[in-house]
Amino acid sequence: MSESDIAKAFAPASVGNVAVGFDILGHAITGVGDTVTVRRIAEPEVRIVAIRGTTVDLPLEAAANTAGAALIALREALALSFGFEIEIDKGIPLGSGMGGSAASCVAALVAANALLDEPLSREALYPFALTGEAVASGGRHGDNLGPMLLGGLVLSTADQLVKLPVPEAWHSLLVHPDAVLETRRARAALQGHYALSEFVAQSANLALVISGCYSGDGARVRAGLRDVLVEPRRAALIVGFEAARDAALAAGAMGSSISGAGPSVFAWFEQREAAEAARASVQQAFADAGFDSQAWVSPLNAPAAHLL
């Protein structure tokens, strides 16, 4: 097997939902992610030969794994005569709300794409990523996938990716308590009645945030970066969440909420120094609740998945 038959890619963690964009808005994070090695093989199949970096048994059956399902969809759509062999090195904690299932899927696609005779654009990989993500989450939502594919802050609809501009100075703080919250359980908490006024308020907040990003207006983002729809229904699932969020806001965050399905918490700041300064108090809030935690400070314009 030649080196041209092997590719390795890294996909970063991400913050899904970003408080106001449930299932459609997300941004990448530097410093943590998944790495996937893909080999082009003669056999017309997709197989997973190793998953490392996790104490939980993830499925080796390709169709039941986000990375495997994505490459199966890619093979079928392009009618490829060859197949892929996958090795996954997990760097994102499972059940963390940091896009772990999406990262394995995107890293696999980016690596496999490099082995195609005619590689596709990142946007063209998106439908296959949606198929892979659905294996883990039960739905085709791209809030984690879009930022991993394009980098930065991305609006991800059913069939489009729109990268949103944000000032280079803006940074995020992401704090992950040493706890697990399964996405399916977090989604189950959202069942029930919603008032029309809640949807109107959430739509207004999303519009303010997107408008503030385009104009670089931190005050506008500060006015809108508040989840009135999902956070109130999930907060009780995360011990220490409210104290962690309030600590970030007290430290000057434009907004703070649950990252993805949780239990991680994110906050946006207009300067890196402010995000760094808030780190200790947010981690202390989780410590007071009985949890050790990890924290990362990252530019909102964080890089996309890339080949290694």
Test V49 against the criterion of being in a strand (DSSP E or B) and surrounded by 24 or more Cβ atoms within 10 Å (Cβ to Cβ), and give yes or no.
no
Could you figure out which of (1) surrounded by fewer than 14 Cβ atoms within 10 Å (Cβ to Cβ); (2) at pLDDT 95 or above; (3) in a loop (DSSP other than H, G, I, E, B) isn't true of A169?
(1)
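To keep it simple, each residue is scored yes or no on (1) part of a strand (DSSP E or B); (2) among the charged types (D, E, K, R); (3) at positive phi.
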{"position": "A77", "(1), (2), (3)": "no, no, no"}
{"position": "S81", "(1), (2), (3)": "no, no, no"}
{"position": "F84", "(1), (2), (3)": "yes, no, no"}
{"position": "E87", "(1), (2), (3)": "yes, yes, no"}
{"position": "I92", "(1), (2), (3)": "no, no, no"}
{"position": "M98", "(1), (2), (3)": "no, no, no"}
{"position": "S101", "(1), (2), (3)": "no, no, no"}
{"position": "C105", "(1), (2), (3)": "no, no, no"}
{"position": "Y126", "(1), (2), (3)": "no, no, no"}
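Does A285 count as more than 18 Å from P147 (Cβ to Cβ), buried (at least 16 other Cβ atoms within 10 Å of the Cβ) and not acidic (D, E)? Steps first, answer last, please.
Working: more than 18 Å from P147 (Cβ to Cβ): yes; buried (at least 16 other Cβ atoms within 10 Å of the Cβ): yes; not acidic (D, E): yes.
For A285, the condition - more than 18 Å from P147 (Cβ to Cβ), buried (at least 16 other Cβ atoms within 10 Å of the Cβ) and not acidic (D, E) - is met.
Specify the residue that is surrounded by the fewest Cβ atoms within 10 Å (Cβ to Cβ); the eligible residues are those in the range 146-157 that are of a type in the set (A, V, I, L, M) and in contact with a Gly (Cβ under 8 Å, 6 or more places away or on another chain). Break it down stepwise before answering.
Residues of the range 146-157 of a type in the set (A, V, I, L, M): 148-150, 153-155.
Restricting the remaining residues to those that are in contact with a Gly (Cβ under 8 Å, 6 or more places away or on another chain) gives 148, 153-155.
Details: M148: 35, L153: 29, V154: 27, L155: 21.
The qualifying residue surrounded by the fewest Cβ atoms within 10 Å (Cβ to Cβ) is L155.
Is it the case, given these coordinates, that A136 is part of a helix (DSSP H, G or I) and modelled with pLDDT under 95? Please lay out each step first, then the result.
On the way: part of a helix (DSSP H, G or I): yes; modelled with pLDDT under 95: yes.
Taking the combined requirement at face value, the residue satisfies it.
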Among (1) at pLDDT below 95; (2) in a helix (DSSP H, G or I) - the single one A179 does not satisfy
(2)
I'd like to verify a number: residues in the range 1-45 that are part of a strand (DSSP E or B) and not β-branched (V, I, T), how many?
18
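The values are calculated or read from the model by the stated rules, or taken from the named source; none is laboratory data. Predicted model only: the values in this text are computed from it and were never measured. For neighbour counting, all protein chains shown are included, and Cβ atoms are generated from backbone atoms with ideal geometry for every residue, glycine included.
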